[in-house]
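The values are calculated or read from the model by the stated rules, or taken from the named source; none is laboratory data. Just so we're clear, the structure is a prediction, and the values are computed from it rather than from any experiment. Every residue, glycine among them, receives a Cβ derived from its backbone with ideal geometry; neighbour counts consider all protein chains shown. Calculation scope for accessible area: heavy atoms of the full protein, side chains included, ligands and nucleic acids excluded. Shrake-Rupley method; radii C 1.70, N 1.55, O 1.52, S 1.80 Å.
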Amino acid sequence: LKGLLKVMEDYQAVAAKVSAYYSNGDFKKDLSSAAPYDEDMKAAYEKYKTAFDKFAASVKKYKPKREVRDPNSYSNPDERSVAILMNSYENTLDAAEEFYGAFNTVEYKGDLSKAKEQFAGFETKFKEDKNSVLSAEFSDKTKYMKYSYEDYFVKMTNMFLDAGKKFFDEAPNAKNVNEFNTLYDAVVNNYNYMITAYNSNINVVNTFRVY
C-alpha cells in the first residue's frame, strides 16, 4: 500500500505539472515541452496502473470466502433484513470485481466490449439488490444500517456508475491518450470510493447482534 501511495503521489505531481503547462497557456510560448510532457504522463500513468493492479490483485487473493445467506431461513425479522443487506453488499462487490477484472486491461483505441458487458451486468445486479434492500422491512433497531446503505453506499455506487457511463460514452472517441486516461482514472477513483463505502458499511453490519 505504501508503494501504491508513493506512485499515486508521483503521478499526481506529473499530472499537475502537465495540467498547469496547458491551463496557464505556457504551451503557446514554448511548444517544445509538449512531447516530453506527454511521455512523462504516459510513464507515470503506467507506473500508477501497474502498482494499482498489483495491489488490487493482492487484496483479491486474501479475500475470505463469502457466505451466501438465505434470508428466509431467519425467523427473527431483524436478522432477515440484515441478511438481505449483507447479500446486497457482497453481491455488489463480487460484480464490481468481475467488472474491474475486465476493465483494468482496456487500452486507448482498444476493444472495450468485454468491460462494457461486465459494466452492464454490474449495473443490472446492483439495481436488483438495491431494490431488495429498499423493499425489506427494517425495524428501529436496524434502520440506521438501511440509511447508511442509501445515503453512503448507494450514493458512491451511483457516482461510480455515472463515471462508467461517461467512460463508455466518450472513451471510444477520445482525441488522445491523455483524454482517455482522464476518463479511465475517473472510473478507477469512483470505484475506489465505492469500495471504501463498502468497507465502512460492512463493518457496521458485521457488528450487529440480536439480543
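For the reader, a short list of remarks on this structure follows.
- For segment 111-211, the Cβ-based charge dipole about the Cα centre amounts to some 280 debye (Lys, Arg positive; Asp, Glu negative; other atoms uncharged).
- Probe 1.4 Å, accessible area per residue of segment 114-154, Å²: 59
- Taking segment 94-204 and dividing mean pair separation by its residue count, relative contact order in percent (alpha carbons under 8 Å, at least six apart): 28
- Distance (nanometres) between label positions extended 7 Å along Cα→Cβ at Asn158 and Asn131: 1.7
- The chain: angle of helix 113-135 to the longest principal axis, Cα-based, in degrees nearest 10: 30
- Applying D = kT/(6 pi eta Rh) to the chain, where Rh is the Kirkwood radius over alpha-carbon pairs, T corresponds to 4 °C and eta to 1.567 mPa s, the Stokes-Einstein value obtained is 67 µm²/s.
- Protein accessible area in segment 121-207, 1.4 Å probe - carbon and sulfur %: 48
- For the pair Tyr74 and Asp169, label points projected 7 Å from Cα toward Cβ lie 3.8 nm apart.
- Distance violations [Cα-Cα > 20 Å] among Lys42/Lys175; Lys42/Lys165; Lys6/Lys47; Lys17/Lys166; Lys54/Lys109; Lys125/Lys155: Lys42/Lys165; Lys17/Lys166; Lys54/Lys109
- Normalised contact order of the chain, rounded percent, pairs of Cα under 8 Å and 6 or more residues apart: 19
- Computed E for Ala120/Asp26 - FRET, C-beta separation, R0 30 angstrom, nearest 0.05: 0.10
- Cα shape, segment 83-122, gyration tensor, a/c 1.5 rule: prolate
- More than 17 angstrom apart: percent of Cα pairs within segment 151-191: 29
- Between Thr207, Ala197, Val177, the Cα set farthest toward the positive side of the dipole of the chain (charges on each charged residue's Cβ, about the Cα centre) is that of Thr207.
- Ellipsoid fit via the Cα gyration tensor, segment 108-191: semi-axes of 33, 13, 7 Å, each the root of five times an eigenvalue, largest first.
- Here is how the number arises for the chain: DSSP H runs of 4 or more residues each give -39500 (n - 2.57), the sum is divided by the residue count, and the result at 222 nm is -25500 deg cm²/dmol.
- Options Thr142, Leu112, Ala95, ranked by Cα towards positive dipole end of segment 61-166, top entry (Cβ charges): Leu112
- Relative contact order, percent, segment 136-197 [alpha-carbon distance under 8 Å, six or more residues apart]: 42
- Three-way shape call for segment 114-160 based on the alpha-carbon gyration tensor, with the a/c threshold at 1.5: oblate
- Label point distance in nm, Glu150-Asn176, each placed 7 Å from Cα along Cα→Cβ: 4.6
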